[in-house]
Amino acid sequence: MKKKPPVYLILLVLFVAVMALTGAGRAAAAKQEMKTIAILPFQINAAQNLDYIRNGMLRMLDSRLSWPQNVRVVPKKSVQKHLADMEGTLGNKQISTIARQTGSDFVLAGSITGLGGSFSIDVQVYDIENKRQMTFFEQSKTIDELISKTDRIAASINKMVFERETVSWEKMEQEKQAYINELKRRNPEYMMKNPQWQNTEQSPGWKIWKYLF
C-alpha cells in the first residue's frame, strides 16, 4: 500500500499552483492594461532647417512617454516604414491607418511653427478606441527652448492621457501655484470680486475626433 504524501507537501504543491495561477492572471491583466502609442514625425513650418531639433524632440517624447508595464512607444523604424507606404499628406484617415498597422491605442502628431523669431509647438494625441483627441500647446522664444518645452508637453500628456504624475509635472504644478499666489498678492480685490477667475484659463481636454469611421 502506497504511503500518502505528507500534508505539508500537499499544501506546498497547492501553494505553488495558486501562486502560478495568480502570477499568470496578473501578467494577463498587465498585458490588457498596457497602452501603445505611435509618435509621428513633426511637421515643420519654419524658414530654417529644424530637422535636428525635431529629432531631439521625438527622442525626448519617446523617452518621457515610455512607461514599463503601462505605456509602450512604437519603434521609430516601424512608424517610418508604414508612413513611407502612404500617399498624400497626413490626415485623419492616415492616422487611423497607422494606428491599425502598428497596433496602437494612441497616435501622437504635431508641428513646429516658427514666426518672427519665436516658435510654437502644437501636439495632438488621438485616442483611437474612444474616437477623441486632446491638444497640447507650448511657445518658445528661442530654438534652444524647444527641447525643454517638449519635456513640458510630455509631462502634460503623461498626466492628462495616461494619469501618470512625473517630476516634470510636479514642477509645473509648483510653478502654476506660485504664479497664482503672486496674482493673489498683487490683485486681491480682483480675486475677491471674481471667485471663478482660475477657471478662465483653458486646459487640455478631450474633444470628439472628426474621423469617426
Using a Förster distance of 25 Å, the FRET efficiency for Leu90-Lys207 (Cβ separation, nearest 0.05):
0.85
Taking 7 Å along the Cα-to-C-beta vector as the label spot, tell me the Lys76-Gln48 distance in nanometres, rounded to one decimal.
2.1 nm
Need one number: nm distance between label points at Leu115 and Tyr179, each 7 Å from Cα along Cα→Cβ, rounded to one decimal.
2.0 nm
Would you list which aspartates and glutamates come within 13 Å of Lys131, measuring only between C-alpha atoms, while excluding same-chain residues fewer than 8 positions from it?
Asp105
Amide H of Arg132: which non-local residues (sequence gap of 5 or more, or other chain) have their own amide H closer than 5 Å, using H built in the peptide plane?
Asp127, Trp209
Can you bin the range 34-188 into rounded, prolate or oblate? Criterion: square roots of the alpha carbon gyration tensor eigenvalues sorted a ≥ b ≥ c, rounded for a/c under 1.5, prolate for a/b above b/c, oblate for the rest.
oblate
If packing is taken as the average number of other Cβ atoms within 10 Å across a peptide's residues, how do 159-166, 105-112, 77-84 rank, most packed first?
105-112, 159-166, 77-84
Going down the table (Lys77/Lys149; Lys35/Lys207; Lys176/Lys210), which pairs top 30 Å between alpha carbons?
Lys176/Lys210
What length, rounded to one decimal in nm, is gained on full extension from Met34 through to Thr142, with 0.36 nm per residue of separation minus their alpha-carbon distance?
35.2 nm
Relative packing of peptides 167-180, 145-158 - highest average C-beta neighbours within 10 Å first
145-158, 167-180
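Every read-out reported here was derived from the displayed coordinates using simple, explicitly stated rules and does not represent laboratory data. This one's a predicted model, so the numbers in the text were calculated from it and none came from an experiment. Here Cβ is always computed from backbone atoms with ideal geometry, including for glycine, and neighbour counts include all displayed protein chains.
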